[in-house]
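All remarks here apply to the structure that follows.
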Amino acid sequence: MTAKLKKAGGLGRGLGSILPDVDITVPQTATVAASISEIPLESVNANPYQPRKEFDDEALAELAQSIKKQGVITPVTVRQMADGTYQLIAGERRTRAARRAGLTTIPAYIRVATDTQMMEMALVENIQRSELGAMEVALAYKALVEECQLTHEELSDRVGKSRSTITNYLRLLDLPAETQLALSRDQISMAHARALAGVEDTPKHLDLLHQVIARQLSVHQTEQLIKGLKAKPAPKVKLRGSLPASHTDAQQRLRDRLQSTVEVKRSQRGKGSLTIHFNSDADFERILQIIEN
């Protein structure tokens with residue numbers, strides 16, 4: 001009995017990067033078995049469920065050098081396809097490094113598994129190795145929940161993480177795309193992202209994100225900034241006359257240039273004040289340098 005691997009669909013924004021469309025005829029069975037064999041590297045194909053997309057070239061070169069001397073110590077895990085080729089379940093780094101090392105075969109556990117079991121094994125194996133970025137982990141959790149139909153409690157048991165940890169990762173998928181990108185590029189940490197997740201107003205959220213990156217704020221400084229934003233605003237001092245458009249425009253230009261809060265107050269007679277807020281001594285020096293330059 002055979003079954004076709006369904007194309008990934010309805011998985012949410014960005015999940016297609018983890019589960020690309022594939023169309024492969026495979027044996028359909030509910031059992032999972034394993035044996036170890038030496039299989040041809042040329043017959044090993046990539047895993048369509050591999051959540052890890054970036055592989056450090058220098059680390060691969062080091063692993064290849066080690067394999068030249070010691071061989072592949074830990075077998076990869078594959079499943080055999082109907083055409084006699086093999087599909088990786090786990091071990092893509094070892095497979096790539098073995099090819100670099102010039103090997104023609106690789107030791108492998110040959111497993112028989114359904115598509116769902118393969119997906120689950122691949123995602124869980126990568127998550128447990130702690131080699132994925134925060135967004136990759138979040139997307140892997142989402143795939144396990146939606147495609148493998150796991151509850152958060154079942155997922156917690158599978159990956160050995162608390163339910164609160166899983167929830168925190170899944171919340172990352174609700175962040176604006178720009179924040180997700182900053183997290184993927186290591187411009188901010190997951191702790192920064194968690195703090196920013198509490199700001200649901202998108203313009204305010206992105207303004208805070210830009211400040212965090214530009215000023216290289218710590219997580220604590222970010223939390224204090226958000227706390228101040230959420231605090232009840234002080235009563236506004238009533239000034240005679242409204243702020244002219246030229247002053248309003250200048251205030252916004254200063255905010256953009258200094259990446260800080262700037263306040264302009266003006267009386268009807270033209271008197272007023274210009275206030276520039278800073279978050280720390282280092283932030284003060286940063287603003288001062290911008291002004292002096």
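How would you rank 215, 93, going from fewest to most other Cβ atoms within 10 Å of each one's own Cβ?
Ranking 215, 93 by Cβ neighbours within 10 Å, fewest first, gives 93, 215.
Given axes a ≥ b ≥ c from the Cα gyration tensor, I'd like to know whether segment 245-292 is rounded (a/c under 1.5), prolate (a/b larger than b/c) or oblate.
prolate
About the Cα centre of segment 100-149, what is the dipole size in debye to 20, counting +1 per Lys and Arg Cβ and -1 per Asp and Glu Cβ, all else neutral?
240 debye
Pop out the ³J(HN,Hα) list for segment 183-189 in order, Karplus 6.51 cos²θ - 1.76 cosθ + 1.60 with θ = phi - 60°, rounded to Hz; leave Gly and Pro as x.
Whole-Hz 3J(HN,Hα) from phi for segment 183-189: 5, 5, 8, 6, 6, 9, 8.
Quick check: from the Cα gyration tensor, does segment 175-230 come out rounded (a/c under 1.5), prolate or oblate?
Judged from the Cα gyration tensor, segment 175-230 comes out oblate (a/c at least 1.5, b/c at or above a/b).
Given contacts defined as C-alpha pairs under 8 Å and at least six residues apart, what's the relative contact order of segment 51-105, whole-number percent?
Value for segment 51-105: 40 percent.
At 0.36 nm per residue, minus the direct Cα-Cα distance, what do residue 61 and residue 174 gain on full extension? Give it in nm, one decimal, please.
Between residue 61 and residue 174, full extension yields an extra 37.0 nm.
Residue by residue through segment 246-251, what is 3J(HN,Hα) from phi via Karplus (6.51 cos²θ - 1.76 cosθ + 1.60, θ = phi - 60°)? Round to whole Hz and write x for glycine and proline.
So the J values, rounded to whole Hz, are 4, 6, 5, 5, 5, 4.
Can you sort 261, 222 from fewest to most other Cβ atoms within 10 Å of each residue's own Cβ?
By the 10 Å Cβ count, ascending, the order reads 261, 222.
We did not get these values from a lab; they are worked out from the coordinates using the rules stated. Source: prediction; values computed, not measured. Here Cβ is always computed from backbone atoms with ideal geometry, including for glycine, and neighbour counts include all displayed protein chains.
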